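Colleague: Structure in structure tokens, see below.
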Amino acid sequence: MSSDPTAADMNTCMSRSYEVQQLAVRVASCAGRAEKVLAGFWEIQLLDWQSPAGRAYRDSVALQAASLGRARERLEGATAAVTRHAHAVSTSGTPAGSY
């Protein structure tokens, strides 16, 4: 790093931006895993359950799928927010810890 405070600040911001971008990737990965689990839930719900216990199980899975679907939507929103923050950090020129 240069002794120039501006260059040091920029290096710090770029490093922080990269860290935040990596966080966005991890959050997006969680959303992707939630999507895969939801696909499995939908497969379970499509099965033809004849018994009352089977129908109750399918109903329970439907409730869990709805909850996981909401969580996935929040994860997608969080991914977008973290990505925007990474961009803001990289363009702000604000050193880490100052925002």
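Colleague: Report every pair of residues separated by at least 6 positions or lying on different chains whose Cβ atoms are under 6 Å apart, first residue within region 15-28 and farther than 15 Å from Ala81 by Cβ, second part of a helix (DSSP H, G or I).
Modeller: Arg16/Val89
Colleague: Looking only at region 29-55, which residues are out of contact with any Lys or Arg (no Cβ under 6 Å at 6 or more places or on another chain), farther than 30 Å from His85 by Cβ and in a helix (DSSP H, G or I)?
Modeller: Within region 29-55, Gly40, Phe41, Trp42, Glu43, Ile44, Leu46, Pro52, Ala53, Gly54, Arg55 meet the criteria.
Colleague: I would also like to ask the following. Pick from region 29-45 the residues that are without any contact (Cβ under 8 Å) to a residue 12 or more places away in the chain and open to solvent by 40 Å² or more (accessible area, probe 1.4 Å): which of them is nearest to the chain's Cα centre (by Cα)?
Modeller: The qualifying residue nearest to the chain's Cα centre (by Cα) is Ser29.
Colleague: Take Val37 and tell me if it is closer than 30 Å to Ala8 by Cβ and of a type in the set (A, V, I, L, M, F, W, C).
Modeller: no
Colleague: Taking the criterion of being more than 30 Å from Thr12 (Cα to Cα) and part of a loop (DSSP other than H, G, I, E, B), would at least one residue in region 56-69 satisfy it? If you could, list the steps in order and put the result at the bottom.
Modeller: Looking only at region 56-69, we keep the residues that are more than 30 Å from Thr12 (Cα to Cα), and these are 56-69.
Cutting the leftovers down to part of a loop (DSSP other than H, G, I, E, B) gives us none.
No, every residue in region 56-69 fails to be more than 30 Å from Thr12 (Cα to Cα) and part of a loop (DSSP other than H, G, I, E, B).
Colleague: Shifting gears a bit: So Ser90 passes all but one of these: (1) at pLDDT below 90; (2) open to solvent by 40 Å² or more (accessible area, probe 1.4 Å); (3) not β-branched (Val, Ile, Thr). Which condition number does it fail?
Modeller: All conditions are met except number (2).
The values are calculated or read from the model by the stated rules, or taken from the named source; none is laboratory data. Here the structure is a predicted model, which is why all the values come from computation and not from measurement. Note: ideal-geometry Cβ built from the backbone for every residue, glycine included; neighbour counts use all protein chains shown. Heads up: the accessible areas ignore ligands, DNA and RNA and are worked out on the full protein's heavy atoms, side chains in. Shrake-Rupley method; radii C 1.70, N 1.55, O 1.52, S 1.80 Å.
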